[in-house]
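Presented below is the structure to which this report refers.
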Amino acid sequence: MPKVSVIIPTYNRAHYICETIDSILAQTYRDYEIIVVDDGSADNTRKVLQKYDGKVRYFYQKNRGPSAARNFGISQSQGEYIAFLDDDDLWTENKLELQIDFFNNNPDCNFVFTDYLVLNHSGVMYTSGLLKKIIHKDIIGRKDGILESAFIKLVRQGFIMPSNVMIKKEIIEKFGLFDESLPCNEDRDWFLRITRNEKIGFINVPLQRRRKLSDGITSNPDKMCRWELEVFNKLPLKITNLNKLERANIQQRKSTIYYEWGYYYYESRQNGIARDKFLSSLYFHFSLKVFLYFLSCFLSSNILKHLRETKRKLYLYAKS
């Protein structure tokens, strides 16, 4: 039986998935299986994967979304540990080795994630800086360790992704599978349920290469805000013993989501929708900035055009 089951949900990524699988086959740690769950691809995914016959366990299902694909992969897994890899992401060759070493050195930890780099369309890698902003105090001068207050940090900002995670399978059986009613942000929901009660380990080394593409659901702010809000609306039903501080942070996050949602429509010159979103943001948490944006939605288009141009000039001046 393999020690680690690597699960790749895929949908119409025939032009990326071979490079993704090759990054697994190049791992220094060898005790793993690769499970690919094709979520109804209409391209030639099945054909390009034929060269991996004997190295990859391939399954096809009708399109049901990433949650269902990951859940099916988990149901077919044989490993003690589960690692996920999105079909357009890559791993460094020592990713699995370092995570297994972490578990061996921290036997009471059941979940560990790593830092990552972003890979753009041109193949240029750069750091997002996100991880250090979120857990800066926890990682200064340390290579790895246990992340304190992970739940609240994750409420405030999503910084754990499927491709940088390894988890003991027994913990999945304890907290349940991905919520298949969520077409996106399903990973945020899952990680929140786990981090609320488990010690979360981190490796302060960028072991994932995350592609930043423009054709995925993450490039649609309207859908991302809609479904992130749904995550936080449902969370108190899934975690019924939230304390006062946790509930306050959830309310704050909902306010921020509505602000970001409103700003998207504001920049799209759809002031009526933007106004409603800003008002919802203010309902959950008052912010002078949001209130001013709300008021500006009542101004004429000429005044708004002038304000936007002034804002742009101030921004350029500040950068110069």
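The values are calculated or read from the model by the stated rules, or taken from the named source; none is laboratory data. Computed from a prediction, not measured in an experiment: that's the story for all the values here. Note: ideal-geometry Cβ built from the backbone for every residue, glycine included; neighbour counts use all protein chains shown.
Here are the criteria: (1) surrounded by 17 or more Cβ atoms within 10 Å (Cβ to Cβ); (2) among the aromatic types (Phe, Trp, Tyr); (3) assigned by TED's automatic domain parsing to the domain that holds Arg308. Tell me which single one Phe298 does not satisfy.
(1)
Six or more apart or on different chains, Cβ atoms under 9 Å: show the pairs whose first residue is in the stretch 267-284 and assigned to a loop (DSSP other than H, G, I, E, B) and whose second is buried (at least 18 other Cβ atoms within 10 Å of the Cβ).
Qualifying pairs under 9 Å: Ser268/Ala274; Gln270/Tyr264.
Inspect the stretch 266-283 for any residue being surrounded by 21 or more Cβ atoms within 10 Å (Cβ to Cβ), out of contact with any Asp or Glu (no Cβ under 8 Å at 6 or more places or on another chain) and among the polar types (S, T, N, Q) and give the result as yes or no.
Yes: the stretch 266-283 contains one or more residues that are surrounded by 21 or more Cβ atoms within 10 Å (Cβ to Cβ), out of contact with any Asp or Glu (no Cβ under 8 Å at 6 or more places or on another chain) and among the polar types (S, T, N, Q).
Condition check: in contact with a Cys (Cβ under 8 Å, 6 or more places away or on another chain) and in contact (Cβ under 8 Å) with a residue 12 or more places away in the chain. Does Tyr264 satisfy that?
Taking the combined requirement at face value, the residue satisfies it.
Scan (1) within 15 Å of Ile82 (Cβ to Cβ); (2) modelled with pLDDT under 95 for the single condition Ile35 breaks and write down its number.
The single condition Ile35 does not satisfy is (2).
How many residues does the stretch 165-190 hold that are in contact with a Lys or Arg (Cβ under 9 Å, 6 or more places away or on another chain) and either outside the structural domain of Thr92 (by TED's automatic domain parsing) or among the acidic types (Asp, Glu) (or both)?
So the answer is 5.
In the stretch 230-254, how many are assigned to a helix (DSSP H, G or I) and within 17 Å of Ser149 (Cβ to Cβ)?
Looking only at that region, the number is 10.
Please list, ordered by residue number, the strands (runs of 3 or more DSSP E) wholly in the stretch 1-86 having 1 or more residues that are crowded, with 19+ Cβ neighbours inside 10 Å.
Because the criterion is at least 1 residues that are crowded, with 19+ Cβ neighbours inside 10 Å, the strands (runs of 3 or more DSSP E) in the stretch 1-86 that meet it are 4-10, 32-39, 81-84.
Can you find, within the stretch 282-300, the residue that is nearest to Gln270 (Cα to Cα) among those that are in contact with a helix residue (DSSP H, G or I) (Cβ under 9 Å, 6 or more places away or on another chain) and among the polar types (S, T, N, Q)?
Going through the qualifying residues, I end up with Ser296.
Residues checked against (1) charged (D, E, K, R); (2) over 10 Å from the mean Cα position of the chain (by Cα); (3) at pLDDT 90 or above:
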{"residue": "Glu148", "(1), (2), (3)": "yes, yes, no"}
{"residue": "Phe151", "(1), (2), (3)": "no, yes, yes"}
{"residue": "Arg156", "(1), (2), (3)": "yes, yes, yes"}
{"residue": "Lys174", "(1), (2), (3)": "yes, yes, yes"}
{"residue": "Leu177", "(1), (2), (3)": "no, yes, yes"}
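Is it fair to say Cys225 is surrounded by 18 or more Cβ atoms within 10 Å (Cβ to Cβ) and either over 13 Å from the mean Cα position of the chain (by Cα) or aromatic (Phe, Trp, Tyr) (or both)?
Answer is yes for this residue.
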